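Structure first, commentary second.
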């Protein structure tokens with residue numbers, strides 16, 4: 001009887017040991033799976049971040065290319081006339097179908113440039129906000145005659161803080177007039193009266209960073225750009241050229 005009990009106890013201990021080992025093995029396997037999933041998740045998150053940065057960088061590059069093309073096109077188209085139009089349509093309402101149909105004062109300035117063969121339809125669009133660039137003629141100086149619009153402005157709306165600052169550092173020093181304003185996607189910022197507006201304070205979030213005012217050709221440094229723009233997606237940069 002004692003032998004039977006001993007055998008029974010031994011068998012139970014052996015089963016318990018095997019069960020414990022099996023449970024331990026299963027626990028380790030689960031832990032390994034969790035570790036692997038954690039590594040995969042971390043790598044996936046890193047890939048997503050890198051992809052987002054790459055797309056954002058490409059968007060800024062496209063903005064730089066498009067605005068430079070528009071500036072050259074505007075100069076070519078209106079060089080002989082000597083002034084830029086002030087009565088223009090709202091580019092926010094522009095569609096691919098109306099780029100070629102709107103004429104005269106109803107046509108946004110960018111649409112006219114496409115119709116003149118100076119630009120392609122893809123070059124007049126802000127790839128970040130999805131809107132077409134709003135442009136119009138403005139005076140070079142405040143005391144100039146009302147119809148002496150020998151300069152023009154171009155709006156870039158719907159920028160977040162990082163995009164806004166990137167535009168300032170990559171484009172700002174190439175233009176005669178640079179202003180940080182407010183305009184979400186689907187809206188236009190307020191048009192400056194002239195391109196000789198006084199500069200904003202050195203630490204201002206919004207305001208004019210470059211202009212034709214005496215001493216207004218200040219270099220927009222990375223440090224200055226870092227203090228500009230609001231921490232939202234309603235930033236707009238107004239670029240002006242003579």
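Where a number appears in this text, it was derived from the coordinates with a stated rule and is not lab data. Keep in mind that this is a model prediction, so the values were computed, not measured. Note that we place each Cβ from the backbone using ideal geometry, even for glycine, and neighbour counts take in every protein chain shown.
Observations on the model:
- Sorted fewest first by neighbouring Cβ atoms within 10 angstrom, 81, 206 come out as 81, 206.
- FRET efficiency estimate (nearest 0.05) - Cβ-Cβ, residue 120 to residue 169, R0 25 angstrom: 0.40
- Going from the residue with the fewest nearby Cβ atoms within 10 Å to the one with the most, 59, 196, 147, 217 rank 147, 217, 59, 196.
- Label zone at residue 221, where the point sits 7 Å out along the Cα-to-Cβ direction: the stretch 171-200 residues whose backbone N lies under 17 Å: 172-173, 200
- For the pair residue 90 and residue 57, a Förster radius of 30 Å applied to the C-beta separation gives a FRET efficiency near 0.50, rounded to the nearest 0.05.
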